[in-house]
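Written out below as structure tokens is the structure these notes cover.
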Amino acid sequence: MPKVSGGSIDAHRRLTRQRIFDAFSELLYERGYDAITLADVAASAGMSRTTMYNYFADKDALVVAFADDEAARHVAGLRERLAPIENPVDRLTTYIAEQLRYFSTHHLPPGRALKVALSGAAYQRVLEHVGALEQLLRDILHDGVDQGYFPIEDVEATIPLVTACINRGGPDDTGDLEDTIEVTETFVLRALGVRLGTNGRPRRRARATT
């Protein structure tokens, strides 16, 4: 019987899955998605291909599970950081900064490249993981509109525009990450029509009277 780590079968499986995810993440950084095989991940994780197949039948299954695990942890951490922030403009800049920091160190191929690499069903599963992040952004924008900070009329149309500004960066980009964050925050706030006072703090716009 193989040695069981973590004190129980369930704990052993969780630890093994995390070892696989860690190996997959490292290979993504070193080689890129297209150059990786399931056998490569197994070798990097220190296990046989047969053992790997007990966890993931193919690379599609692995990338979906990896994306699910990464997204769940990222969303939980982002919610925790946003929770104590009251002003929607401050929440938006925090959202932008945390997203850019996340994408600077996580290496799944973006949008179209991933769509080509995965089967249709697997790609749709991965797309589902962006829903929670979009909902956080949606809530921020609605709060900003309701409180008079964002003079936008169509929140749903604004979400993909803000997301595109964030997703344009990535781990292969040159330049300083903090500079990228500052430029992106400034651009998005101006695009949304946010007004800042002389103290640099966001100002509400006067509500129209009838």
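The values are calculated or read from the model by the stated rules, or taken from the named source; none is laboratory data. From a predicted model like this one, the values you see are computed outputs, not experimental measurements. Using ideal geometry, Cβ is built from the backbone for each residue, glycine included, and neighbour counts are taken over all protein chains shown. SASA here: full protein model, heavy atoms, side chains in, ligands and nucleic acids out. Shrake-Rupley method; radii C 1.70, N 1.55, O 1.52, S 1.80 Å.
Extending each Cα 7 Å along its Cβ direction at residue 178 and residue 26, get the distance between those two points in nm, one decimal.
3.0
For labels at residue 147 and residue 205 in the simple 7 Å Cα→Cβ model, what's the distance in nm?
1.6
How much length is gained on full extension from residue 15 to residue 128, taking 0.36 nm per residue of separation minus their Cα-Cα distance? Show your work: numbers first, answer last.
Values: separation 113, 0.36 × 113 = 40.68 nm, distance 2.51 nm.
The residue 15-residue 128 span can extend by a further 38.2 nm.
Considering only protein heavy atoms and a probe of 1.4 Å, how much of the accessible area of the range 1-82 is carbon and sulfur, as a whole percent?
Reported share for carbon and sulfur atoms: 48 percent.
Taking a probe of 1.4 Å, how large is the accessible area per residue of the range 1-78, in Å²?
On the way: 4330 Å² over 78 residues.
Dividing the accessible area of the range 1-78 by its residue count gives 55 Å².
I'd like the FRET efficiency for residue 86 and residue 48, computed as 1/(1 + (r/R0)^6) with the beta carbon distance as r and R0 of 35 Å, rounded to 0.05. Present the calculation step by step, with values, prior to reporting the outcome.
On the way: r = 53 Å, r/R0 = 1.50.
Once rounded, the FRET efficiency stands at 0.10.
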